[in-house]
Each structure stands twice: as C-alpha cells, then as structure tokens.
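Below is one structure, written out as structure tokens; the observations come after it.
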Amino acid sequence: MNFNEKSQIPNLKSAIVLVSGGMDSCVTAAIAKSENDEVAFLHISYGQRTERRERKAFNEIGDFYGIKNRLDISIEHLTKIGGSSLTDKRMEVTEANLESKDIPTSYVPFRNANMLSIATSWAEVLGANSIYIGAVAEDSSGYPDCRPEFYEAFEKAIEAGTKPDTNIKIKTPIIHLSKAEIVKKGLKLNAPLHLSWSCYRSEDLACGTCDSCALRLRGFAQAGVTDPISYSSK
C-alpha cells in the first residue's frame, strides 16, 4: 500500500517534511516522525553554495529514518533572480553579527513561499494532512519569511487555492524555540544532529562564522552540549 492509499484511511496522519539538511529541519523531521503515521521528505535546492552538501545531509537523514517516499527538486529561478549571497557568488557571505536586526545578505527573497508552494502541490497529490517546516522565529528579525504570521497567511492561501476536499495544515513545531531548546529537543528525540549541515559557505568543514554556523554553535553552547560536526573555525 503506497503513501497515497494510506492517506485515505480515516484519522491516519500523514505529513510532508521540508528537509534542507540543516539542524532545524533535522529536529523538525524527528518531531514529524513522532507525530504522524506516514511521512514523506521533500528537499528543494535553489543553486545555493552548499547545495551538494545539503543534499547529502537530506539523504543521510532520510536513510536514518528509513524514509522511502522522498522528492528532491532543484529550482534554478531563485539563482537567476539573485539578491542573496547564498545564490550569487558575486556577493560575499558576511560574518555573523548575532546582535544585528538587519536582514543579512544570506536572505533569499521569498524562498520559503516558493518551497511551501511546491510542498503544497505534492501534499495535495499525496493526500497529506500537513506540511512541516523548521522555521524559527528567533531568526525572523533577519528572515521575514520565518515569522509566525507568514505561515498563518500562507495556510489561508492553501485553503483558498486547493480543492474543496483538501485539508493541509502548516506545522512549525520549533518556531517559538531558541536554538538551545532546539538542540535539547533534538537530543531528546534522538535526532541525527551529527548528519545535519548548517554552514552557508563550505561543503567540507563548516566555517563556524557565517550566520547559520554562529547560531548553531551558540545553541549547542547554551545547551551545554558539544556540536557533533567539525568546524574550520569557532
């Protein structure tokens, strides 16, 4: 019996999880696995600098959880549009400034909306009940598409733009957690944090100084736990 057939069973919970391969999506995947009967993993590349390494993390996390239903999509239009140091090599990935409230150069304009649109299409085909995404409000001062109100609005768009019998909820289970709380949640659920990859710059050793690395390292430090991945600088 495939995912679509299972999802038609009354009261059975089925979900699609957006898995970038980062720490937040890794913990979100662990939560989704604990809350649903059937889970599918979706990975979306968009020409980011660490595209190959993130895909590797996605597949290793998928293997860890025994996920058979996976979809790996590449969308090049975000690279062509540009405007982000993650996709435009002419722009520098700036050093982290965790006290700044400015939008960092790593922000990819409206990226999460593009990803949620793809997830919604797949969820409607599969008959999935929910879409899980590892958004964190702590990041929302820098990334406007990580705010809770964005997901509330997008869920209304899903309701308005899908078939009448479609009922898809957006789940953001870690949105109100700090990075330290996310680390602790991941450890509690035995999430494979050692398989995750957060660095924006490097595909070999994590740089330790970009926004994503700095937030991750601070989270582990505040949780009193050593990050299991290796860094070239801390």
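The values are calculated or read from the model by the stated rules, or taken from the named source; none is laboratory data. This one's a predicted model, so the numbers in the text were calculated from it and none came from an experiment. Cβ placement follows ideal geometry from the backbone for every residue including glycine, while neighbour counts extend to all protein chains displayed.
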* To do: Just one of (1) modelled with pLDDT of 95 or more; (2) part of a helix (DSSP H, G or I); (3) polar (S, T, N, Q) trips up S20, so point out which.
  => (2)
* To do: Go through (1) in a loop (DSSP other than H, G, I, E, B); (2) hydrophobic (A, V, I, L, M, F, W, C); (3) in contact with a strand residue (DSSP E or B) (Cβ under 8 Å, 6 or more places away or on another chain) and name the single condition F58 misses.
  => (1)
* Name the residues in the range 89-118 that are farther than 25 Å from Y151 by Cβ, of a type in the set (D, E) and either touching a residue at least 40 places away in the same chain (Cβ under 8 Å) or crowded, with 16+ Cβ neighbours inside 10 Å (or both), would you? -> E95
* Asked: Are any residues in the range 183-196 within 15 Å of the chain's Cα centre (by Cα) and either surrounded by fewer than 24 Cβ atoms within 10 Å (Cβ to Cβ) or without any contact (Cβ under 8 Å) to a residue 40 or more places away in the chain (or both), and if so, which ones?
  -> P192, L193, L195
* Test V108 against the criterion of being hydrophobic (A, V, I, L, M, F, W, C) and modelled with pLDDT of 95 or more, and give yes or no. => no
* To do: Select from the range 222-231 the residues that are closer than 18 Å to K188 by Cβ and surrounded by fewer than 20 Cβ atoms within 10 Å (Cβ to Cβ) and list them in ascending order.
  => Q222, A223, G224, V225, T226, P228
* To do: Mind telling me which of the residues G83, G134 ends up being over 19 Å from S198 (Cβ atoms) and either touching a Lys or Arg at 6+ places or on another chain (Cβ under 7 Å) or in a loop (DSSP other than H, G, I, E, B) (or both)?
  => G83
* Give the range 94-108 a look and list any residue that's over 14 Å from L215 (Cβ atoms), among the aliphatic types (A, V, I, L, M) and in contact with a Ser or Thr (Cβ under 7 Å, 6 or more places away or on another chain), or say none. => V108
* To do: Write out, first by first residue and then by second, each pair whose Cβ atoms fall under 6 Å of each other, whose residues are 6+ apart or on separate chains, and whose first residue, in the range 149-175, is more than 18 Å from N114 (Cβ to Cβ) and in contact (Cβ under 8 Å) with a residue 12 or more places away in the chain while the second is among the aromatic types (F, W, Y) and outside any helix (DSSP H, G or I).
  => K171/Y132
* Residue, farthest from the chain's Cα centre (by Cα), within the range 40-69, restricted to residues that are under 22 Å from S117 (Cβ atoms) and among the acidic types (D, E) -> E51
* Pair list, Cβ under 7 Å, 6 or more apart: the range 58-87 residue free of Cβ contacts under 8 Å to residues at least 12 places away in the same chain, other residue in a loop (DSSP other than H, G, I, E, B) -> G82/D88
